[in-house]
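Asks: Following this message is one structure expressed as structure tokens.
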Amino acid sequence: MRVLIVGGGGREHALAWKLAQSPSCQAIFAAPGNAGTADLGENLNIHDSDIHGICNAANERRIDLVVVGPEAPLAAGLVDVLNEREIPAFGPTQDAARIESSKWFAKSIMQAAGVPHARGELFDTAQAAHKWLEILGPDDLPVLKADGLAAGKGVIVPDHIDDAHEAIDQMFTGAFGSAGERVVIEDRLSGMEASAMAIVSGTDILPLPLSCDYKRIMDNDHGPNTGGMGVYAPPGFVGDPDDVFSSIHQPVVDQMAADGCKFRGLLYAGLMLDDGEMNVLEFNARFGDPETQAVLPLLDGDLLPVLAASAKGEALSRDAIAHSGKASVSIAIVSGGYPGPYDTGKPIHGLDAVDDTVDIFHAGTAIDDDGRTTTAGGRVLAVTAVADTLAEARGIAYDNVQRITFDGSFHRTDIALRELT
Ligand code: AMP
Ligand code: GLY
């Protein structure tokens, strides 16, 4: 099979790396890809939002399967257009992608399916939203969410009621573009967070190992949110993973199918667990980034036929996601200044000095005119180690992270530490 991966981050490099190992993979293309995907196949200079460019490239390159990484092209209907052209694509249609692209749609599905979640209300005027905050009172601080896609920035967890009112004004005056035209105000929950991803083909689901990502820039979860500073898998604080998938993913995909909105692709649930009680905070309609960089290296099976089966709505083979019960730790190395402004074009040193047993997943990297691998983004790359125990995986990952440097490089030092103390 000839595979085209849409996107250019660490998730897409990890997907390309895993799919390239399949005996049935003949060629890998990435649009636009990064320096990591360039090593595995051919990068196409096409932006992930260029639907017609992607469709044309898929035709020209005789692509057998398009795998869509990011949420924006899914929400824009890329899979629908590929389907019209009879090009198999892994990912949901625009309609089904609403499970991520509309927080309120996700809530209505969870409500109908009886899936535990943070309760909320929908507002389409600032006035009504402010009034609701007054009814809740200053001691019942909620969470505010732009209903639409806001590049991971549309969730505000205020520490003070004044911040909540200010966030509402910002959302309704276009701080998140059209995503903030409707705002969901929901109950604030507390607890440990975990990510649960499953490959879905209609009502057939194939659970992947659970994982935990670290969103804040600094150790001990200080500082602003980022696209993800590291991940470990699996978490020790979630009971039986089967319970997660049977009580969340299965009822949700069944409900969507019953509503005539069948889901195909990857269904990701962001969970909060508090004293045995589990609630869904959000769904994503695609592989998590950076969760994918920690989860795919745990799978022993051949992922390509499963993604192809999902794309065609066929039954999913259990063998494909067999895993040996190992643990993984993935640590992101980022540019100094990230998630604020940062420099790019810094040569990356030490990529050849890492152990053969660890995987380097590129995110913001490029090859310069002299053939050097340089930084080209905030999250530059991730180092993933797999071992029998989380402690071992963590040790190997950090040992190798120290060997990769560039001017201003930064990483967190506490990924997975909470499981070991
Ligand atoms: P999201 O962008 O939806 O992943 O949300 C970002 C973060 O906001 C989550 O990882 C949680 O830490 C936090 N969050 C979202 N919803 C809630 C909620 N209902 N209660 C408490 N924290 C939340
Ligand atoms: N790691 C969270 C996400 O992929 O949205």
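Each reported figure results from applying straightforward, stated rules to the coordinates on display, with no laboratory input. None of these values were measured; they are calculated from a predicted model. As a convention, Cβ positions derive from the backbone with ideal geometry for all residues, glycine included, and neighbour counts pool all protein chains shown.
Asks: If you place +1 on the Cβ of every Lys and Arg, -1 on the Cβ of every Asp and Glu, and leave all else neutral, what size is the dipole of region 127-190 about its Cα centre, to the nearest 20 Debye?
Replies: Values: 5 positive and 12 negative charges, 62 e Å.
Dipole magnitude for region 127-190 comes out near 300 debye.
Asks: Moving on to the next point. Based on the alpha-carbon set only, what is the convex hull volume of the chain divided per residue, in Å³? Don't skip to the end; give the middle numbers.
Replies: Numbers: hull volume 58.7 nm³, N = 421.
So the per-residue Cα hull volume is 139 Å³.
Asks: Taking neighbour counts of Cβ atoms within 10 Å as a proxy for exposure, in what order, fewest first, do Val67, Val401, Val358 appear?
Replies: Ranking Val67, Val401, Val358 by Cβ neighbours within 10 Å, fewest first, gives Val358, Val401, Val67.
Asks: If we count other beta carbons within 10 Å of each Cβ, what is the order of Phe172, Phe361, fewest first?
Replies: Lowest to highest Cβ neighbour count: Phe172, Phe361.
Asks: Now for a separate question. Please list, in chain and number order, the residues 5+ apart from Asp213 or on another chain whose amide H is under 5 Å from its amide H, with Hs placed from the backbone.
Replies: Ser195
Asks: Can you give the percent of C-alpha pairs in region 122-178 whose distance is more than 19 Å?
Replies: 20
Asks: Using just the helices of the chain, give the 222 nm mean residue ellipticity in deg cm²/dmol: DSSP H runs with n ≥ 4 each add -39,500 (n - 2.57), and the total is spread over all residues, rounded to 500.
Replies: Dividing the helical sum by the residues of the chain leaves -7500 deg cm²/dmol.
Asks: So, one more: For Thr365, which sequence-distant residues (separation of 5 or more, or a different chain) have an amide H within less than 5 Å of its own amide H, given hydrogens modelled in the peptide plane?
Replies: Ala35, Ala376
Asks: Taking H as built 1.01 Å from N, whose amide H comes closer than 5 Å to the amide H of Thr93, not counting residues under 5 places away?
Replies: Those qualifying (amide H under 5 Å, at least 5 residues apart or on another chain) are Arg264.
Asks: Based on alpha-carbon centroids, what's the gap between region 202-217 and region 361-418 in Å, whole number please?
Replies: Cα centroid of region 202-217 versus Cα centroid of region 361-418: 21 Å apart.
Asks: Tally the DSSP beta bridges in the chain and give the antiparallel ones as a percent, rounded to 5.
Replies: Details: 60 of 75 bridges.
Taking every DSSP beta bridge with both residues in the chain, the antiparallel ones total about 80 percent.
Asks: Sort His160, His47, His117, His411 so the one with the fewest other Cβ atoms within 10 Å of its own Cβ comes first.
Replies: His160, His47, His411, His117
Asks: Holding the Cα-Cα limit at 28 Å, pick out from Lys262/Lys326; Lys103/Lys262; Lys18/Lys215; Lys107/Lys262 the pairs that are longer than that.
Replies: Lys262/Lys326, as the Cα separations exceed 28 Å there.
Asks: Mind listing the phi-derived Karplus ³J(HN,Hα) values for region 93-108, rounded to whole Hz, using 6.51, -1.76 and 1.60 with θ = phi - 60°, and x for any glycine or proline?
Replies: 5, 4, 4, 6, 5, 4, 4, 9, 7, 9, 4, 6, 4, 4, 5, 5
Asks: Next question. Give a residue-ordered list of calculated ³J(HN,Hα) values for region 218-235 (Karplus: 6.51 cos²θ - 1.76 cosθ + 1.60, θ = phi - 60°; whole Hz; x for Gly, Pro).
Replies: 9, 3, 6, 6, 9, x, x, 5, 10, x, x, 9, x, 8, 9, 8, x, x
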